[in-house]
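**Student:** Dropping a structure here in structure tokens format, bear with me for questions.
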Amino acid sequence: MKSWAWHISILGIVLLYVIMLVAPFIAPYSHKQQFREHFYMPPTEVHFVDHEGAFSWRPFIYDYERGQQAGSYRTNRQKLFVRFLVRGEPYRWLGLSLRTRLFGLNETSKQIFLLGSDALGRDLFSRILLGAQFSLSVGILAIFFASLLGVIFGAWAGYWAGWSDRLIMRCCDLLLSLPGLFLVLGLRAVFPLQLSGRDSFWMIVLIFTVVGSSTITRIIRGQVLTLKTRQYVLAAQAAGASPWRVLIRHILPFTANYLVVQCAVFIPMFIMGEITLSFLGVGVQEPDVSWGNLLAAGNSIQAMSDSPWLLSPVLFILLTAFLFNLAGDELRVIGKQRARWW
Amino acid sequence: MLRFTLSRIVESIPLLVLLSLLVFSLFKLIPGDYLSEMEMDPTISSQSVENLRQEYGLDQPLIKQYWLWVTQILRGNLGYSFAQRRPASELILERSMGTLSLAVTALVMTLVLALPLAAISTLRLGDWPDRTILWSSLIGLSLPTVLSSLLLLYFAYLTGWFPIGGADTWKHLFLPALTLAIPMAGFFTRTLRLELIDVFEKPYILAATAKGLPPYRVLWHAFRNALNPVISLTGVSLGGLLSGAVVVEKVFSWPGLGALTVDSILARDLYVALACVLVSALVVIFANLLADLLLAWNDPKIRYE
């Protein structure tokens, strides 16, 4: 029995990842492109009805020019129509070099800033979309590696009890007893402060792999400990199956349920962890973009009073957190029902 | 009780040893050492840097360096902050006080929020107050600290009721502590609610109700048995509390241990950063030990397990 919450959350998450995949196509500009003329520009209003009440199917924006003060803009009556599938700046996608973007303006001197622009005149909407690529994929990769490590160590510790079991468990205890963010910061400290986008990506994946694998190791070990006393496992052992075969064929498949629930818990945690790290200034650094360093730009009273649109990443992060939590909650319920049903 | 206490303390020794090994290996993973910066200074000869290395034992084998480091830690020497030009222990002690006041206030707020909410929820089980509390506690629980602290900062800016940044009066303390209390209150409310529901099914509650006690008196009876989890919950959530404090301290510029850690990493004052990690871990380990002892003291059943 799957509820509406399950369908909505899974649909939402899939949609998020699809948008993340095609982000360069949807984003009208690249995350680095600066329009220095148009810094701190408020979100552009998109209209269908003009000031005389005439309706047009094609959305348009009003032309704007800079005001007297820095960062102030006024619009005039001239319409600039939004074009779809326009030729924009080239970008790379899945190894292809493309120029077609979902929407944009024909005029190259004017820009459309759906969510406003930042201090350097970069389009916030594009930056949020491209930042999603970083923020959302970190969680998936880290959970993959953490599960891999967790299953290997957990199976080892659970199946071959002894001093290695005790050592592995003590190490897990240690990692679990440290306050999470301090552990992350401690691991972060040994890497150089300035890293390129790619290096910081793998660094963050590595850090969260270490952090996450301890819990997964524990859970898998517990499962293996109970499963290895089952009669069918004993039968397989008596029939002369090698430990590898017993583990892979007869024990590990039955830990999958718990692993999936754990992944549902960890993915949002890793995503938020990356956002937190970048927010604190020790994760992804400018000009590379993640939701965390976008948030950091909005973290000042100046930004809140003069350009509150810089806080718009909050909405995207809230949505992501909500969807993942909903899915996690439902998974737990389903897992329990499944367990009872067995 | 004494036996239990001693065995619990002995049990935590391997953990402490592993912790010291972890932090020491992190120290050693940092490229260079304490004196590498001096080598780059043209006014200091390389010979005097070598002499300093010998004096501080940095030319010794790793085992010996580890032993030196541990003995210094046990004497309360956590190293030296090159960015702030003062002993790290002094700095960390000062900032720990900031985090401590934040954490204690947050804990008090959590209890003030969670105890009544859990009580209302149990008394109106399945009714709209219960459902509202369940949903809002889930939202509070799943709200990342980065977002809640930013939103509360925005709230402070919009209303102007609270000062922004700094650490002088209780008003400065209120919003950071509230940010930390929100997810904890959600967690406590949900756990306590389940615990209270369990207790409410016990015969002695039925007896109390049958005797004609008013609901709040019955609740009092129930609470005394449901309070045990509060102690263990506090121990469990302390790590999360400290983690959250890192973000909150940075957003509200509250001078605490977490802000110090991040600032030290940004200033490449890495020995201080790792010392902060060590101190935070020690605090959590000892707090959990204390929580275990408190539980055993409160509930003799645990002692004999």
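What follows draws every value from the coordinates through simple rules; no lab data is involved. In this text, all values refer to a predicted model and were calculated from it rather than measured experimentally. Neighbour counts run over all protein chains shown; Cβ positions are idealised from the backbone, glycine included.
**Student:** Return, ordered by residue number, the residues of region A:81-116 whose backbone nitrogen is under 19 Å from a label point located 7 Å along Cα→Cβ of A:PHE55.
**Tutor:** Those under the cut-off are A:82.
**Student:** Here's another thing I want to ask about it. Run the simple label-point estimate for B:ASP127 and A:GLN69 please: 7 Å along Cα→C-beta, distance reported in nm.
**Tutor:** Rounded to a tenth, the inter-label distance reads 5.3 nm.
**Student:** In what sequence, highest mean first, do A:113-122, A:226-235 appear when ranked by Cβ atoms within 10 angstrom?
**Tutor:** Listed from highest to lowest mean packing, they are A:113-122, A:226-235.
**Student:** Relative contact order, percent, of chain A when contacts are C-alpha pairs under 8 Å separated by at least 6 residues?
**Tutor:** Reported relative contact order: 20 percent.
**Student:** Along Cα→Cβ, 7 Å out, is where each label goes; now give me the distance between the ones at A:PHE144 and A:THR229 in nm to one decimal.
**Tutor:** For A:PHE144 paired with A:THR229, the spin-label model returns 3.7 nm.
**Student:** I need the helices of chain B that pass two filters: whole DSSP H segments spanning 15 Å or more by Cα along the axis, and mean Kyte-Doolittle score no lower than 1.6.
**Tutor:** B:13-29, B:145-159, B:270-298
**Student:** Using DSSP loop states and a limit of at most 11 other Cβ atoms within 10 Å to flag chymotrypsin sites (Phe, Trp or Tyr not before Pro), what is the longest stretch of chain B containing no flagged site?
**Tutor:** Counting at most 11 other Cβ atoms within 10 Å as exposed, the longest clean stretch of chain B is B:1-160.
**Student:** For region B:92-304, what is the charge dipole size about the Cα centre, in debye to the nearest 20, if Lys and Arg each add +1 at the Cβ and Asp and Glu each add -1 at the Cβ?
**Tutor:** Using Cβ point charges on Lys, Arg, Asp and Glu, region B:92-304 gives about 500 debye.
**Student:** In peptide A:187-195, how many Cβ atoms from other protein chains are near each Cβ within 10 Å, on average?
**Tutor:** Partner Cβ neighbours, averaged per residue: 5.
**Student:** Still on this structure: Averaged across A:36-47, how many Cβ atoms of other chains sit within 10 Å of each residue's Cβ atom?
**Tutor:** 0
**Student:** Which ³J(HN,Hα) values, rounded to whole Hz and listed in residue order, are derived for region A:16-27 from phi using the Karplus coefficients 6.51, -1.76 and 1.60 in 6.51 cos²θ - 1.76 cosθ + 1.60 with θ = phi - 60°, glycine and proline given as x?
**Tutor:** Each residue of region A:16-27 in turn: 4, 6, 5, 4, 4, 5, 9, 3, x, 6, 6, 5 Hz.
**Student:** While we're looking at this one, here's another question. Would you mind giving the mean number of other chain beta-carbons within 10 Å of the Cβ of each residue in B:241-247, as a whole number? Please list the in-between numbers first.
**Tutor:** On the way: counts 1, 5, 10, 4, 3, 8, 4.
Taking the mean over all residues of the peptide, I get 5.
**Student:** Here's another thing I want to ask about it. From the square roots a ≥ b ≥ c of the eigenvalues of the alpha-carbon gyration tensor of region B:2-89, which class results: rounded (a/c under 1.5), prolate (a/b over b/c), or oblate?
**Tutor:** Verdict is prolate for region B:2-89.
**Student:** Going by alpha carbons, how many degrees (0 to 90, nearest 10) lie between the helix axis of A:180-189 and the longest principal axis of chain A?
**Tutor:** Between the helix axis and the principal axis of chain A, the angle is about 70 degrees.
**Student:** Using only the alpha-carbon atoms, how far is helix A:313-341 inclined from the longest principal axis of chain A? Give it as 0 to 90 degrees, nearest 10.
**Tutor:** Long axis of A:313-341 versus the principal axis of chain A: about 30 degrees.
**Student:** Calculate, for A:ILE248 and A:TRP163, the FRET efficiency according to 1/(1 + (r/R0)^6) with r their C-beta to C-beta distance and R0 25 Å; round to the nearest 0.05.
**Tutor:** Computed FRET efficiency for A:ILE248 and A:TRP163: 0.55.
**Student:** I need the calculated FRET efficiency for the pair A:ALA241 and B:ARG85, taking r as the beta carbon distance and R₀ as 45 Å, to the nearest 0.05.
**Tutor:** 0.10
**Student:** Considering amide H positions built from the backbone, and no H for Pro or chain starts, which residues 5 or more places from A:LEU115, or on another chain, come under 5 Å of its amide H?
**Tutor:** Those lying under 5 Å, H to H, from A:LEU115 are A:THR44, A:LEU124, A:PHE125.
**Student:** Quick one: Kirkwood hydrodynamic radius for chain A, alpha-carbon pairs, angstrom, one decimal?
**Tutor:** After inverting the mean inverse Cα-Cα distance, the result is 23.1 Å.
**Student:** Let a ≥ b ≥ c be the square roots of the eigenvalues of the Cα gyration tensor of region B:92-304; is it rounded (a/c under 1.5), or, if not, prolate (a/b larger than b/c) or oblate?
**Tutor:** It comes out oblate by the Cα gyration axes.
**Student:** Mind checking the dipole of region A:155-305: about its Cα centre, +1 per Lys or Arg Cβ, -1 per Asp or Glu Cβ, Debye to the nearest 20?
**Tutor:** Roughly 800 debye for region A:155-305.
**Student:** Counting Lys and Arg as +1 and Asp and Glu as -1, each charge on the Cβ, what is the dipole of region B:2-89 about the Cα centre in debye, to the nearest 20?
**Tutor:** 560 debye
**Student:** Over every pair of different alpha-carbon atoms in the protein assembly as shown, take the mean of 1/r and invert it; report that Kirkwood radius in Å.
**Tutor:** On the way: mean 1/r = 0.0358 Å⁻¹.
Every distinct Cα pair counted, the radius reaches 27.9 Å.
**Student:** Report relative contact order for region A:27-138 in percent, whole number only (criteria: Cα-Cα under 8 Å, sequence separation at least 6). Intermediate values should be presented prior to the final figure.
**Tutor:** Working: 200 pairs, mean separation 39.9, N = 112.
36 percent.
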